[in-house]
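Chemist: If you scroll down you'll find the structure; I have some questions about it.
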Amino acid sequence: MAEPGMSQPGMSQPGMSQPGMSQPGMSQTGMSQTGMSQPGIVVIGAGPAGIRAAARLAEAGLCPVLIEEGERDGGQIYRRQPPNFSRPPEALYGAEAAKATALHRDFEALRERIDYRPGTLAWAIRDQAVLTVRGARTESLPFRALIIAAGATDRIMPVPGWTLPGVYSLGGAQIALKAQACAIGARPVFMGTGPLLYLVAWQYAKAGVAVQAVLDTTPFATRLAALRDLAARPSVLLRGMRYVLALRRRGIRLATGITPVAVEGEGGIVALRWRDKAGAEQRSECDAVGLGYGLRSETQLADLAKCRFAYDPVARQWLPELDEDGRSSVAGVYLAGDGAMVRGADAAELAGRLAACAALADLGQPPPATEIADLRRALRPMNRFRRGLEAGFPWPAQLAAGLPDETIVCRCEAITAGELRRAATDLDAPEVNRAKAFSRVGMGRCQGRMCGLAGAEIFAAARGVPIEEAGRLRGAAPVKPLPMIEEPGP
Ligand SMILES: Cc1cc2nc3c(=O)[nH]c(=O)nc-3n(C[C@H](O)[C@H](O)[C@H](O)COP(=O)(O)OP(=O)(O)OC[C@H]3O[C@@H](n4cnc5c(N)ncnc54)[C@H](O)[C@@H]3O)c2cc1C
C-alpha cells in the first residue's frame, strides 16, 4: 500500500492517486484506516518551484502530496486561464510561451504520478503536519519532509487614496488581464517600481488599453548603477529595456524618480497626483491605478513551521534562513522559489528541483552529486541578478516617514499611519508585534501580508530606529481566511 510521499519505485502507478483523493488505505482526513497518521512528503504550491520539486521527487519513485490553493497549476507567471478561455500561449505568456508550455506539459505528465490537490489551502503548520482546507473539508497531513513553494505577492507602499475602488496592485492588474482578459480601467496609470511595473504597463498597452502614464519611484541614475548586476542575465535585461522602448514609442508618459502624492476620487478614480524628480506637483487623469513596488516572499507558512528568520538587507525584509539548497533551520522543512527569496521563475524551477534533491538526500536517497552541483551553479547568476533587481528597483522605504497621518496603512482594520505612529511613540511599543497589539495593524484578514512591510517602515521611522530593529510581524494561523468550519480533531 502506498502512502503519500512514501511509495517506492514502481508503486506510484498512473491512476493510483487522483487529484483530491487520498491514497488507497487512507481516509480523507489523512489518517490510515487503522487510525494511524502516515507522515509523507508534502509540497505546497504548484507554481514553477513546486512543480519542479514534485517532479524530482516523483523521478525518485516517491509520491508527494502537492497542495495548490488555486484551481489550476502554473503559479503566478505561468497562470492558466479558466477552462472556457482559449487564448494561445503566445498571447498569454509572450516571450515566456515556450517555458510556460513546457511546464504545463510536464505537469500534465506528472499529475497522475503524485497526489495532486488543487483548490486546497494550506492554512497552518502544526505538530509536524500541514493543515489544509478544500471547501468545507479540513485535513491534517503529517509530513516527514515539507517543501514550501508558496511564491510571492506585491509589495505595497500606501499612498493617500490607495484604498479607493479602482486601485489595484500591479499583480492584481496583471491577473485580471491574464486570467480573465479584463482591464482594471480604460485609462489606467501604473505607479511603483520593479520589472512588473513596465511589464504590466506594456501588456495593457499591447491589449489596446490607453495607458496614461508609467511612474517609477526609482531615479534613473539608481537604475544605471545596478546595470552591472542586472547584466548577469542579459536576455532578461534586454527584454525589460524593450518594454520601456515600446511604451515610449506609443507616446506613453514615462517618469522616473517620482514621489506619489495621492489618488483622487470619490466612488471612482479621477486622477493620480505625484511630484516629478524636480519636486513639481503633477496630476495624471485616469480611471484606475495599478501600483506595486516589487514583490515580497510569502513566508508565513515557514514562520508557522518555526523556521528561523534573518533580516536580509538586500530585500529589506526578514526571510527564512536557508542553506544553499533550500534547507531551513527546521529538520525536514525546505523552501524554494519566490517564497524563499524573489529571484524569478527560472530560478524558481531550479530551486524547486534543488530543494527536492536536498530532501531526497536527507531521506537517505541522495541524488548524484553532479546534479546538485549543476543546479547550484545555474542559480549563481540568478543570485547576482536578484541583487541587481533589488538595487535597481529599490523599495521606497523613505516614503513611509512622509505619509500623512490620516493615510490608511492596514486596510483590513482601517488603521492609519497616525494610529501606528502613536503606538510606536506615545504608547512606546518597542517592536511591531507590540504595535500590532496596541493598534490592530496587521491583525485583519490579510494578517499583515499587504501592510506588514510598510507598517514596519512607518514604525521604524516614527521611533527613529533602523528597520531591522523594528522586528517582524509573527505569522499566525490561519494564513488566509477560512470558511466557518470546525477544525479537524486530533
Ligand atoms: C502577481 C504576480 C505576477 C507576476 N508576473 C510575472 C510576469 O509576468 N513575468 C515574470 O517574469 N514574473 C512574474 N512574476 C514573478 C513570477 O511569477 C515568479 O518569479 C514565479 O512564478 C515564482 O515561482 P514560484 O513557484 O516560486 O511561485 P508562484 O508561481 O507564485 O507559485 C506559488 C503557488 O503557491 C500557491 N500557494 C501559495 N500559498 C499557498 C497556500 N497557503 N496553500 C496552497 N497553495 C498556496 C499559489 O497559489 C501559487 O500557485 C509575478 C509574480 C506575482 C506575484
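Chemist: Run the numbers for Arg134 and Glu112: contour at 0.36 nm per residue of separation, minus the present Cα-Cα distance, in nm.
Modeler: Result for the pair: 6.0 nm of gain on full extension.
Chemist: Test of understanding: what is the full-extension gain from Thr163 to Asp428, defined as 0.36 nm times their sequence separation minus their Cα-Cα distance?
Modeler: 92.6 nm
Chemist: Under unit Cβ charges (Lys, Arg +1; Asp, Glu -1), what dipole magnitude, rounded to 20 debye, does the range 69-228 have relative to its Cα centre?
Modeler: 140 debye
Chemist: I want to make sure I understand the PRE zone here: with the label point 7 angstrom from the Cα of Thr101 toward its beta carbon, which residues in the range 48-80 have backbone N atoms less than 18 Å away?
Modeler: 74, 78-80
Chemist: Could the peptides 67-74, 332-339 be put in order, highest first, of the mean number of other beta-carbon atoms found within 10 Å of their residues?
Modeler: In descending order of packing, they fall as 332-339, 67-74.
Chemist: What FRET efficiency, computed as 1/(1 + (r/R0)^6) with R0 = 56 Å and r the Cβ-Cβ distance, is obtained for Ala414 and Ala369, rounded to the nearest 0.05?
Modeler: With R0 = 56 Å, the Cβ-Cβ based efficiency is 0.55.
Chemist: Per the helix-only calculation at 222 nm, which mean residue ellipticity applies to the chain, given -39500 (n - 2.57) for every DSSP H run of n ≥ 4 and division by its residues, nearest 500 deg cm²/dmol?
Modeler: -9500 deg cm²/dmol
Chemist: log10 I(q)/I(0), Debye, Cα-only the range 267-392, no solvent, q = 0.17, 0.23 Å⁻¹?
Modeler: -0.89, -1.35
Chemist: Compute from the Cα atoms of the range 161-245 the Rg and the Dmax, the latter being the longest Cα-Cα distance, and quote both in angstrom.
Modeler: 13.8, 40
Chemist: Calculate the FRET efficiency for Lys480 and Arg239 from the Cβ-Cβ distance with a Förster distance of 35 Å, rounded to the nearest 0.05.
Modeler: Efficiency, from the Cβ-Cβ distance: 0.60.
Chemist: Let a ≥ b ≥ c be the square roots of the eigenvalues of the Cα gyration tensor of the range 399-470; is it rounded (a/c under 1.5), or, if not, prolate (a/b larger than b/c) or oblate?
Modeler: Here the range 399-470 falls in the rounded category.
Chemist: Still on this structure, please answer the following. For a footprinting-style exposure proxy, rank Tyr204, Tyr198 by other Cβ within 10 Å, fewest first.
Modeler: Tyr198, Tyr204
Chemist: Then there is this: Quick one: if you stick a label point 7 Å off each Cα along the C-beta vector at Asp405 and Lys306, how many nm between them?
Modeler: 4.3 nm
Chemist: Moving to a separate point now. Can you work out ³J(HN,Hα) from phi for every residue in the range 123-136, in order, using Karplus 6.51 cos²θ - 1.76 cosθ + 1.60 and θ = phi - 60°, giving whole Hz and x for Gly and Pro?
Modeler: 9, 7, 10, 8, 6, 6, 9, 9, 9, 10, 9, 10, x, 9
Chemist: Which angle from 0 to 90°, rounded to the nearest 10, does the C-alpha axis of helix 234-249 make with the longest principal axis of the chain?
Modeler: The two axes meet at around 40 degrees.
Chemist: Got the relative contact order for the range 156-293 handy, in percent, Cα pairs under 8 Å and 6 or more residues apart?
Modeler: 37 percent
Chemist: Nearest-5 percent of antiparallel DSSP beta bridges in the range 131-254?
Modeler: Approximately 40 percent, going by the DSSP bridge assignments.
Chemist: Could I ask something else about it? For the range 216-226, just list the computed ³J(HN,Hα) in residue order, Karplus coefficients 6.51, -1.76 and 1.60, θ = phi - 60°, integers in Hz, with x standing in for Gly and Pro.
Modeler: Working through the residues one at a time gives 10, 6, 7, x, 4, 4, 5, 4, 4, 5, 8 Hz.
Chemist: When a footprinting reagent is the concern and you count Cβ atoms within 10 Å, what order do Thr193, Thr163, Thr259 take, fewest first?
Modeler: Thr163, Thr259, Thr193
Chemist: Within the range 181-200, name every residue whose backbone N is under 18 Å away from a label modeled 7 Å from Cα of Glu71 along the Cβ vector.
Modeler: Residues 181-182 qualify, since their backbone N sits under 18 Å from the label point.
Chemist: Over the chain, calculate the relative contact order: mean separation of alpha carbon pairs under 8 Å at least 6 apart, over the residue count, as a percent.
Modeler: It rounds to 16 percent for the chain.
Chemist: Let me ask another. Could you tell me how many degrees, from 0 to 90 and to the nearest 10, lie between the Cα long axis of helix 369-392 and the main elongation axis, the longest principal axis, of the Cα atoms of the chain?
Modeler: So the helix axis and the longest Cα principal axis differ by about 20 degrees.
Chemist: Helix 452-463 sits at what angle to the longest principal axis of the chain, using alpha carbons and giving 0 to 90 degrees rounded to 10?
Modeler: 50 degrees
Chemist: Given the Cα-Cα distance of Val330 and Arg126 and 0.36 nm per residue of separation, how much length would full extension add, in nm?
Modeler: Extra length from Val330 to Arg126 when fully extended: 72.2 nm.
Chemist: What is the Rg over Rh value, at two decimals, for the chain, using alpha-carbon atoms and the Kirkwood definition of Rh?
Modeler: Radius of gyration relative to Kirkwood radius: 0.97.
Chemist: Additional query: Using r as the Cβ-Cβ distance of Arg275 and Ala179, and R0 as 35 Å, what FRET efficiency do you calculate, to the nearest 0.05?
Modeler: Approximately 0.55, to the nearest 0.05.
Chemist: Once label points are set 7 Å from the Cα along Cα→Cβ at both Ala378 and Ala246, what is their separation, rounded to one decimal in nm?
Modeler: Here the modelled spin labels are 2.6 nm apart.
Chemist: Return Met241, Met484, Met157 ranked ascending by Cβ neighbour count within 10 Å, so the fewest neighbours appear first.
Modeler: The fewest-first ordering by Cβ neighbours comes to Met484, Met241, Met157.
Chemist: What is the count of Lys pairs in the chain whose alpha carbons sit under 27 Å apart, if the two are 8 or more places apart or on different chains?
Modeler: 7
Each value in this text was obtained by applying a stated rule to the coordinates, not by laboratory testing. In this text the structure is predicted, and so the values were computed from the model without any measurement. Note that we place each Cβ from the backbone using ideal geometry, even for glycine, and neighbour counts take in every protein chain shown.
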